[in-house]
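Reviewing the structure listed below.
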Amino acid sequence: MRRRSLLLAVPAGLLTLAGCGDDKADKAKSKPSDSPTNSASAPPTAKIVDGPVPEITKGDKFGQKPTIAKGSGKPSSDLAVKTLIQGKGKEVAKGDYLQADYLGQIWATAKVFDNSYDRGNPTVFPIGVGKVIPGWDQSLVGKKLGSRVELAIPPKVGYGEEGNKQAGIKGSDTLVFVVDLVDSFNAKSSSKGKEVAQSNKDLPKVGTNTDGKAPSIDVPKTAAPKKLVSSYVLEGDGDVVKETDSLLCQYKGVLWADGKEFDSSYKSGQLAQFQLAQVVKGWAQGLTGKKVGSRVLIVIPPELGYGDQPPQGSTIKKDSTLVFCVDILAK
């Protein structure tokens, strides 16, 4: 977000600038991110060519974990990009959060250093804005969702001369990736789930619009519930959220006491990306067990929110009950 979220214990963008690896909360500081990243502030560019790229010998369908042959001969010093499957979805735009499956290996040895297929979830990351290695930013913006793209990335638009020791990548290594473009999200994204009746008059009523605009939250003039409330407004059909998951969400938060908004991804114009282990307990408990693609109403009593220690500079007072609507876009 453009400012530090009042909700999150860490900034919304959780992608580190280290390398490739596990994304579990308890390993976030010791393990690199699960997507290719690079810390260069002014990323280099490369000429894009259509080859050469190694042959895929197994798993050649979209969504299948591929087996990629060892690179033959000397790789190009340019950025080789080949669309293996042409998707029919919308084009990936600069600044989108791209959801993708991928496998990465070293050209010269065919050593696989990372893949998302074995983790069972596509990775979600900002594209085209310097959060991943330059070769990804340059080659994936403008591609259509549903596409499978193979990349041969020279060091200058990969991890540079330093390489990535954690992933076993040397500064001279050309990297080969196969990337399946699953979905993309931006500041106008909304959940598209099935509307669920909001029949309890003692609970806030949340708007059901799916146009990317902030839903309304109407708080009743009744006493706040003493226990956590978590209920569907729109019920999606995606995977069930686990307490160890990382999520990409839209959200809006208001105070039960007066209905005034105190935080919103809609207002900041940037989606929230976080690990459930790193947010207030009311969010972690309220979103666990819900389905991706849903809009959820969460009412958080003080002991599961900020209690008597609200964030400095916020409009949240001590022992405030918090009300959120959360669109779970991806995990």
Candidate set: region 269-287, residues that are polar (S, T, N, Q) and over 22 Å from Val219 (Cβ atoms); chosen: the one surrounded by the most Cβ atoms within 10 Å (Cβ to Cβ): Gln273
Failed item in (1) assigned to a loop (DSSP other than H, G, I, E, B); (2) modelled with pLDDT of 95 or more, with Pro310 passing the rest: (2)
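Quick test for you: out of Phe274, Phe324, pick the one residue that is assigned to a strand (DSSP E or B), at pLDDT below 95 and either in contact with a strand residue (DSSP E or B) (Cβ under 7 Å, 6 or more places away or on another chain) or of a type in the set (Ser, Thr, Tyr) (or both). Spell out the reasoning first.
Values: Phe324 fails: at pLDDT below 95.
Within the list Phe274, Phe324, the selection yields Phe274.
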Six or more apart or on different chains, Cβ atoms under 6 Å: show the pairs whose first residue is in region 58-77 and in contact (Cβ under 8 Å) with a residue 60 or more places away in the chain and whose second is assigned to a loop (DSSP other than H, G, I, E, B). Pro66/Gly59; Ile68/Pro54; Gly71/Pro54; Gly71/Trp107; Pro75/Trp107; Pro75/Thr174; Ser77/Pro154
Here the qualifying pairs (Cβ atoms under 6 Å; residues six or more apart or on different chains; first in region 279-292 and touching a residue at least 24 places away in the same chain (Cβ under 8 Å); second of a type outside the set (A, V, I, L, M) and part of a strand (DSSP E or B)) come out as Gly286/Ser230
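Please verify whether Lys260 is in contact with a strand residue (DSSP E or B) (Cβ under 9 Å, 6 or more places away or on another chain), buried (at least 21 other Cβ atoms within 10 Å of the Cβ), within 18 Å of Val323 (Cα to Cα) and outside the structural domain of Asp101 (by TED's automatic domain parsing), treating the condition exactly as stated. Reasoning before the result, please.
Details: in contact with a strand residue (DSSP E or B) (Cβ under 9 Å, 6 or more places away or on another chain): yes; buried (at least 21 other Cβ atoms within 10 Å of the Cβ): no; within 18 Å of Val323 (Cα to Cα): yes; outside the structural domain of Asp101 (by TED's automatic domain parsing): yes.
No, not satisfied.
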Restricting to region 210-252, and then to whatever is free of Cβ contacts under 8 Å to residues at least 40 places away in the same chain and surrounded by fewer than 13 Cβ atoms within 10 Å (Cβ to Cβ), can you tell me which residue is nearest to Lys281 (Cα to Cα)? Ala223
Among Phe125, Phe113, which is touching a helix residue (DSSP H, G or I) at 6+ places or on another chain (Cβ under 9 Å), in contact (Cβ under 8 Å) with a residue 12 or more places away in the chain and farther than 29 Å from Lys74 by Cα? Phe125
For region 246-271, which positions are assigned to a loop (DSSP other than H, G, I, E, B) and among the aromatic types (Phe, Trp, Tyr)? Trp256
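Out of Asp78, Asp101, Asp34, Asp60, I need the residue that is at pLDDT below 95 and either acidic (Asp, Glu) or loosely packed, with under 15 Cβ neighbours inside 10 Å (or both). Which one?
Details: Asp78 fails: at pLDDT below 95; Asp101 fails: at pLDDT below 95; Asp60 fails: at pLDDT below 95.
On inspection, the qualifying residue turns out to be Asp34.
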Can you tell me which of Lys317, Lys331, Lys290 is surrounded by fewer than 20 Cβ atoms within 10 Å (Cβ to Cβ) and not hydrophobic (A, V, I, L, M, F, W, C)? Lys317
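The values are calculated or read from the model by the stated rules, or taken from the named source; none is laboratory data. Just so it is clear, the structure is predicted and the values come from calculations on it, not from any experiment. No Cβ is skipped: glycine too gets one built from the backbone with ideal geometry, and neighbour counts run over all protein chains shown.
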